[in-house]
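Engineer: This structure is in structure tokens; I'll ask about it shortly.
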Amino acid sequence: MAHTPVLLKEAIEYLNIGKNSNIIDATLDGGGHTRAILEKYPEVKILGIEFDPTLFKSLQLNDDRLIKINDSYVNLKNIVKDYKFKPDGILFDLGLSSWHYEESGRGFSFKRNEILDMRFNPEIQPESAVDIVNKYSEDELRELISYLGEEQFAGNIAKNIVRARREKPIIMTEDLVNVISRSVPEWYKQQKINFATKTFQALRVKVNDELGNVRKGVQAAIEVLKPGGRLAVISFQGLEDKTVKEVFKENVKAGAIKLAVKGTIRPSWEEQRTNPRSRSAKMKVAQKV
Ligand SMILES: C[S@@+](CC[C@H](N)C(=O)[O-])C[C@H]1O[C@@H](n2cnc3c(N)ncnc32)[C@H](O)[C@@H]1O
């Protein structure tokens, strides 16, 4: 199933795209946002970045106005230098693609029994989720599940991971789901949000250093934007949003940007109804001074 772009109309509107604008799509994926921008603005140029090599290779979007790059947005400064690309607008649509959950086979979803990999780029990232659950100490696991997953039963889960891996290594998603299931009370399993969600999120964020990347990527974007250019960042979880807010705040203080909108833009009720994945989305927009 194709990934449905989130806050599409709003992102395009707030990027303030002009006739000949140069736009960077820092998280290209299937090109949902990029395709819509190319359709609406015939003279625009887009530089699109996607870190996942499998997603990148399968991208079905060929257009003379689009430069596609298989790299991390963390390297934005070098990328714009190499391509002599001066952006008027930059979009980050953070997190992962529906494809990662449904088709990657890399253990992002607790609903599928797959190897716990969780790397966006297994070709260059050295540490997978299997490494983390089998090598980190109980304290390290508790800390990361508690902080990155905001999981209230992190202590029990970490203790039981260490206990279980003494018997046999935790390799598959199902192994981990079973450990989590033994670590949380029955009422927790009756909640709307699945009892494994937060632990899986914590591992994914850790494996991909998502918060560190957001900080570096957003900071680099602010530095490479043309004066007057806009930066729109869509985030899907609290710590991501907090990181964006912090980087914006530091740069407002330094006089590098001003906020183009106060606070956060949220999807309409209609979008939330038709695309449940959009429900946690928050967009923040800044303008380079
Ligand atoms: C939510 S999806 C983007 C969806 C896209 N805007 C669309 O509508 O089709 C986020 C994408 O960012 C990619 N990604 C994650 N970390 C990245 C990084 N450091 N650099 C570039 N892309 C990254 C993921 O592989 C994923 O495909």
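Engineer: Please name which of Ala220, Gln201, Val285 has its Cα lying farthest along the dipole of segment 165-289 towards the positive end, using unit charges on Cβ (Lys, Arg +1; Asp, Glu -1) and the Cα centre as origin.
Structural biologist: Val285
Engineer: Follow-up. What is the magnitude of the charge dipole of segment 153-267 about its Cα centre, with +1 placed on the Cβ of each Lys and Arg, -1 on the Cβ of each Asp and Glu, and no other charges, expressed in debye to the nearest 20?
Structural biologist: Details: 22 positive and 11 negative charges, 47 e Å.
That gives a dipole near 220 debye.
Engineer: Under a 5 Å amide H to amide H cut-off, with H placed in plane at 1.01 Å, what residues pair with Val289 once short-range neighbours are removed?
Structural biologist: Gly228, Ile257, Lys258
Engineer: Tell me which residues come under 5 Å, amide H to amide H, from Tyr136 once H is placed; ignore anything under 5 positions away on its chain.
Structural biologist: Sorted by chain and number, the residues that satisfy this come to none at all.
Engineer: Can you tell me the dipole magnitude for the chain around its Cα centre, using point charges on the Cβ only (Lys, Arg +1; Asp, Glu -1), in Debye to the nearest 20? Kindly include the intermediate steps, with their values, before the conclusion.
Structural biologist: Numbers: 46 positive and 40 negative charges, 159 e Å.
Value, rounded to 20: 760 debye.
Engineer: Could you put Arg166, Arg273, Arg112 in order, starting from the residue whose Cβ has the fewest other Cβ atoms within 10 Å?
Structural biologist: Ascending number of Cβ neighbours within 10 Å: Arg166, Arg273, Arg112.
Engineer: Helix-derived [θ] at 222 nm for the chain: sum -39500 (n - 2.57) over DSSP H runs of at least 4, divide by residue count, nearest 500? Present the calculation step by step, with values, prior to reporting the outcome.
Structural biologist: Working: 13 runs with 126 residues, N = 289.
Per the formula, -12500 deg cm²/dmol.
Engineer: For a test of the definition: using alpha carbon positions, the gyration tensor, and the 1.5 limit on a/c, classify segment 126-207 as rounded, prolate or oblate. The partial results should precede the final answer.
Structural biologist: Values: a/c = 1.58, a/b = 1.31, b/c = 1.21.
Judged from the Cα gyration tensor, segment 126-207 comes out prolate (a/c at least 1.5, a/b above b/c).
Engineer: Averaging over every viewing direction, what projected area does the convex hull of the Cα atoms of segment 156-286 cover, in nm²?
Structural biologist: 10.8 nm²
Engineer: Using every Cα-Cα pair within segment 18-166, state what percent have a distance larger than 23 Å. Don't skip to the answer; put the middle values down first.
Structural biologist: On the way: 5371 of 11026 pairs.
When every Cα pair of segment 18-166 is considered, 49 percent fall beyond 23 Å.
Engineer: For segment 167-225, rounded, prolate or oblate, judged on the Cα gyration tensor with a ≥ b ≥ c (square roots of eigenvalues), a/c < 1.5 rounded, else prolate if a/b > b/c? Write down the numbers at each step before the final one.
Structural biologist: Details: a/c = 5.15, a/b = 2.17, b/c = 2.37.
Because a/c hits 1.5 or more and a/b fails to exceed b/c, segment 167-225 counts as oblate.
Engineer: By the gyration tensor of its Cα atoms, with a ≥ b ≥ c the square roots of the eigenvalues, what is the shape of the chain: rounded for a/c under 1.5, prolate for a/b over b/c, or oblate? Let's see the in-between values first.
Structural biologist: Working: a/c = 1.94, a/b = 1.81, b/c = 1.07.
Prolate, since a/c reaches 1.5 and a/b exceeds b/c.
Engineer: Sticking with this one: For segment 107-116, what does the Karplus curve 6.51 cos²θ - 1.76 cosθ + 1.60, with θ = phi - 60°, yield as ³J(HN,Hα) per residue in whole Hz, taken in order and with x for Gly and Pro?
Structural biologist: Ordered by residue, 3J(HN,Hα) equals x, 6, 10, 6, 8, 10, 8, 9, 5, 6 Hz.
Engineer: Taking loop as defined by DSSP and a crowding limit of 12 other beta carbons within 10 Å, which GluC sites (Glu not before Pro) in segment 118-162 fit? Spell out each step's value before the answer.
Structural biologist: Details: sites: Glu123, Glu127, Glu138, Glu140, Glu143, Glu150, Glu151; in loops: Glu123, Glu127, Glu150, Glu151.
Sites meeting the loop and neighbour criteria: Glu123.
Engineer: I've got another one for you. Given a cut-off of 24 Å, name the pairs among Lys45/Lys77; Lys19/Lys86; Lys198/Lys242; Lys135/Lys216; Lys86/Lys258 whose C-alpha atoms lie farther apart than that in the structure shown.
Structural biologist: Numbers: Lys45/Lys77 18 Å; Lys19/Lys86 15 Å; Lys198/Lys242 17 Å; Lys135/Lys216 27 Å; Lys86/Lys258 19 Å.
Cα-Cα > 24 Å for Lys135/Lys216; rest within.
Engineer: Please name whichever of Ala36, Ser98, Tyr73 sits farthest to the positive end of the charge dipole of segment 1-110, dipole taken about the Cα centre and charges placed at Cβ: Lys and Arg +1, Asp and Glu -1.
Structural biologist: So the residue furthest toward the plus end is Tyr73.
Engineer: Here is a follow-up. Report, in debye and to the nearest 20, how large the dipole of segment 126-207 comes out about its Cα centre when Lys and Arg carry +1 and Asp and Glu carry -1 on their Cβ. Before the final figure, lay out the partial values.
Structural biologist: Details: 13 positive and 12 negative charges, 39 e Å.
Charge dipole of segment 126-207: 180 debye, to the nearest 20.
Engineer: Around Val261, which amide H atoms from residues at least 5 apart in sequence, or from another chain, sit under 5 Å from its own amide H, with H modelled in the peptide plane?
Structural biologist: Val285
Engineer: Let me ask something else about it. Would you give the gap between the C-alpha center of segment 104-137 and the C-alpha center of segment 159-198, rounded to a whole Å?
Structural biologist: 15 Å
Read the figures in this text as sums done on the coordinates, not as results from a lab. Predicted, not measured: the structure shown is a model, and the values here were computed from it. So basically every Cβ, Gly included, is an ideal-geometry build from the backbone, and we count neighbours across all protein chains shown.
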